[in-house]
Amino acid sequence: MGWSKFGIFLGGVLFGTAGIRILSSRDAKKVYTHCTAAALRAKDEIVDKATVLKENCEDIYEGAKQINEERAARDREAEIAESAEKA
Amino acid sequence: MKAVIKHEISGRIRVHFKRSRFSFREADTLQYYLQSFPCIKKAEVYERTADAVVFFSGNRDEIIKILGDYDPERCDVPESFYESSSRELNATYFERIVVSIVWHYGKRLFLPMPVRIVLTCLNAVRYLWRGLKTVRSKKLKVELLDAAAIGASILVKDYATASSVMFLLGIGDTLEDWTHKKCTSDLARQMSLNIRRVWRTDGKNEVQVDADQIETGDFVVVRMGNIIPFDGVVKKGDALINQASMTGEAIPVRKAEGGSVFAGTVVEEGEITIRVTAVSGSGKYDKIVRMIEESEKLKSALESRAEGLADRLVPYTLAGAALTLLLSRNIMKAVSVLMVDFSCALKLAMPLSVLSAIREAGDYGITVKGGKFLEAVSEADVLVFDKTGTLTKAEPTVKDVISFNGEDKEELLREAACLEEHFPHSIANAVVKAALDKGLTHEELHTKVEYVVAHGISSSINGSRALIGSWHFIFEDEDVSIPEGKKELFDALPDEYSHLYYAKDGMLAAVILIEDPIREDARRVIRSLRERGIRHIVMMTGDSERTAKRIASEVGVDEYYAEVLPEDKAGFVEERKKTGSKVIMIGDGINDSPALSAADAGIAVDDGAEIARQIADITIGAEDLSRIVILKDLSDSLMKRIRSHYRTIVWFNSGLILFGLLGILPPSLSALLHNASTIALGLKSTTKLLERKQDR
């Protein structure tokens with residue numbers, strides 16, 4: 001009906017006048033600022049977690065390397081002991 | 001500061017300091033503190049979590065104590081350490097990468113489809129624009145291919161693929177940017193921390209002091225071959241200054257009284273006294289970084305052939321896609337061909353390989369200024385050595401002084417040292433050290449000192465014209481004669497030593513015998529290099545024929561040239577290049593600079609003249625020659641890796657395309673495999689090339 005079209009038109013007018021004023025007012029700006037601050041905090045949290053993840057992965061990696069080195073050393077010793085026996 | 005152990009294995013401890021986080025400066029302070037202990041092999045500080053990881057050898061309790069004793073208030077860290085720290089840079093890029101990964105995958109979870117589509121299209125505009133720009137330059141470059149791939153996926157409404165391609169490209173760009181900046185920063189750090197001692201003057205006397213002790217307003221003398229250590233205004237003298245490091249101009253500029261000079265530029269000829277206007281630590285590091293970023297040399301140097309490979313394949317991929325479209329009339333299939341673009345894999349793997357090789361070289365104390373030079377080292381078949389300081393130890397010593405004019409040996413040595421101390425040549429250093437060892441100090445007995453490159457020094461002492469230098473300089477150029485009755489003495493001079501001739505008023509006053517011992521590993525290194533494919537090893541020296549011959553045979557070079565002038569060295573290099581060989585030149589003195597620039601890869605030894613180090617493409621620590629062998633191995637491994645990656649990328653992706661065409665693989669799967677292999681290969685490119693576990 002004609003009413004819905006009129007409603008949309010009215011909505012547009014309201015938006016163009018009062019709406020924009022509200023969205024760009026100082027109070028709104030404060031809201032935006034707080035939201036952005038929260039987003040930045042969220043970003044910091046995320047990057048912090050990523051750092052923790054990285055550190056733990058490095059711990060695991062270094063630990064694993066060491067296990068393998070020790071194994072290799074033990075194997076070598078066993079080899080040397082064997083060949084010493086044979087000689 | 002209190003700390004808690006978070007993780008421990010033998011030789012490695014990770015601790016958490018009881019703070020929520022460190023600022024960049026605090027983290028750097030801790031890093032400096034930890035690195036100052038010899039038992040700590042490597043230390044890493046994480047500013048975001050206030051954690052530190054310490055790799056150590058030795059007693060665990062010692063390390064615990066070191067960590068517990070840390071007190072930032074009591075640490076004395078030079079300002080230059082903070083300035084040249086790359087911590088903030090790394091933090092910024094790490095953050096960028098994490099955010100982009102989280103955003104890309106988070107988008108799918110949180111944002112509704114229509115919003116994602118809009119974002120994807122907006123993002124695509126950027127890449128499409130980049131692609132269109134390259135069309136204008138009439139060359140088929142990788143960016144065009146990317147734009148085609150992205151554009152095509154959007155056309156077929158495959159937004160997910162478009163978005164992943166953009167994501168990968170974005171990560172690739174960020175990584176490349178990061179490694180680029182890091183390379184620049186590492187280079188700049190090495191170049192800015194190398195100025196140690198300078199000559200301060202108060203008008204009459206000169207005193208050598210540490211660069212750290214100079215303040216604004218002090219007067220500093222800078223002579224030929226030396227880097228100007230601080231910004232300043234010329235108070236006395238005039239010189240030709242090479243400002244390439246500031247402005248990129250290759251032609252030296254004349255500066256006289258009242259002219260301003262800049263830190264980091266080199267005095268090519270002449271001598272000046274400057275009044276310091278800005279001391280080190282105030283922006284010198286930043287200046288060098290800017291210089292490197294702007295210098296054309298670095299840009300083209302990094303463009304080694306390997307990195308250009310990506311662009312070469314663009315036409316083939318485009319042709320393949322077009323062909324597919326024609327043959328099958330199926331846009332989806334054509335798009336799947338485009339998705340599997342060789343170029344993005346190459347563009348990620350190649351630069352990463354090169355830059356990672358440069359960093360690995362850095363671990364061995366070798367500074368490489370560009371990928372092109374590693375290529376040159378690998379392909380080289382001619383190697384030219386400068387004798388003094390390279391094949392021989394950097395510290396020749398004075399064996400004896402033979403007096404020819406009846407004066408006391410020690411007096412003559414004192415005078416010689418007085419003249420020689422101003423110049424950056426290893427033989428000059430030997431004379432100075434010998435005098436110092438004998439306790440022969442002097443006040444400046446001479447007047448203006450002139451240095452004739454590769455020949456000698458002329459000045460006057462107490463009124464007599466004093467000359468010191470090579471045979472060529474003293475006898476041929478300056479026409480000095482041997483005093484009456486001393487001819488036999490002259491002929492009897494022992495051959496095994498290098499001779500330095502000292503003359504006063506046209507008559508030979510003394511001959512200083514210099515022992516220039518060959519490095520122990522010289523023979524072995526030359527043999528190793530020959531085994532690795534360098535077919536012609538040449539030695540060039542300004543020394544006399546006799547000494548050169550002996551050294552050449554002892555060390556095992558293929559050819560040698562004696563009594564060589566600097567221009568000849570460069571000429572020889574050019575000649576060999578013309579016959580198609582790739583030439584490496586190794587030297588350390590001012591007289592090597594022309595040859596170093598002419599060579600395909602110029603290598604300077606760390607301890608040598610600063611101008612040589614500036615002009616050289618690669619610098620090596622002076623401790624032992626085996627670094628050269630390591631450099632060759634590294635370059636060869638890099639080339640092998642590049643060739644192998646190239647083959648892998650081409651074959652694997654061709655296979656993907658083929659299977660896609662045959663219908664065996666759906667396009668989304670081939671895109672996934674392509675992306676996965678790209679990332680995997682990219683990661684592999686950053687691994688170490690050499691297996692050695694050498695402690696530096």
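Hey, any hits in the range A:19-36 for a residue that's touching a Ser or Thr at 6+ places or on another chain (Cβ under 9 Å), under 30 Å from B:T49 (Cβ atoms) and polar (S, T, N, Q)? Can you show your working first?
Of the range A:19-36, the ones touching a Ser or Thr at 6+ places or on another chain (Cβ under 9 Å) are none.
No, the range A:19-36 contains no residue that is touching a Ser or Thr at 6+ places or on another chain (Cβ under 9 Å), under 30 Å from B:T49 (Cβ atoms) and polar (S, T, N, Q).
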Report summary line: Within the range A:40-63, the count of residues that are more than 10 Å from chain B (Cβ to nearest Cβ) and within 18 Å of B:I13 (Cα to Cα) comes to 2
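Taking the condition of being facing another protein chain (nearest Cβ under 10 Å) and surrounded by fewer than 11 Cβ atoms within 10 Å (Cβ to Cβ), how many residues in the range A:70-83 meet it? Full working, then the answer.
Applying the first criterion (facing another protein chain (nearest Cβ under 10 Å)) to the range A:70-83 yields A:70.
Okay, now just the ones that are also surrounded by fewer than 11 Cβ atoms within 10 Å (Cβ to Cβ), so none.
Final tally of qualifying residues: 0.
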Query raised in the report: Just checking, how many residues over the range B:65-91 are hydrophobic (A, V, I, L, M, F, W, C) and without any contact (Cβ under 8 Å) to a residue 40 or more places away in the chain?
Result: 1
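Yes or no: B:M540 buried (at least 16 other Cβ atoms within 10 Å of the Cβ) and aliphatic (A, V, I, L, M)? I'd like the intermediate steps shown before the answer.
Details: buried (at least 16 other Cβ atoms within 10 Å of the Cβ): yes; aliphatic (A, V, I, L, M): yes.
Spelling it out, B:M540 is indeed buried (at least 16 other Cβ atoms within 10 Å of the Cβ) and aliphatic (A, V, I, L, M).
Listed here are the residues, each with its yes/no results for (1) acidic (D, E); (2) at pLDDT below 85.
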| residue | (1), (2) |
| --- | --- |
| B:E567 | yes, yes |
| B:A570 | no, yes |
| B:I584 | no, no |
| B:G589 | no, yes |
| B:D592 | yes, yes |
| B:L596 | no, yes |
| B:A612 | no, yes |
| B:I618 | no, no |
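Among B:K41, B:K107, which is the only one that is surrounded by 12 or more Cβ atoms within 10 Å (Cβ to Cβ), over 29 Å from B:D173 (Cα atoms) and among the basic types (K, R)? Steps first, answer last, please.
Numbers: B:K107 fails: over 29 Å from B:D173 (Cα atoms).
Exactly one residue qualifies, and that residue is B:K41.
The values are calculated or read from the model by the stated rules, or taken from the named source; none is laboratory data. Note that this is a predicted model, so its numbers are computed, not measured. Glycine gets a Cβ as well: all are built from the backbone with ideal geometry, and neighbour counts include every protein chain shown.
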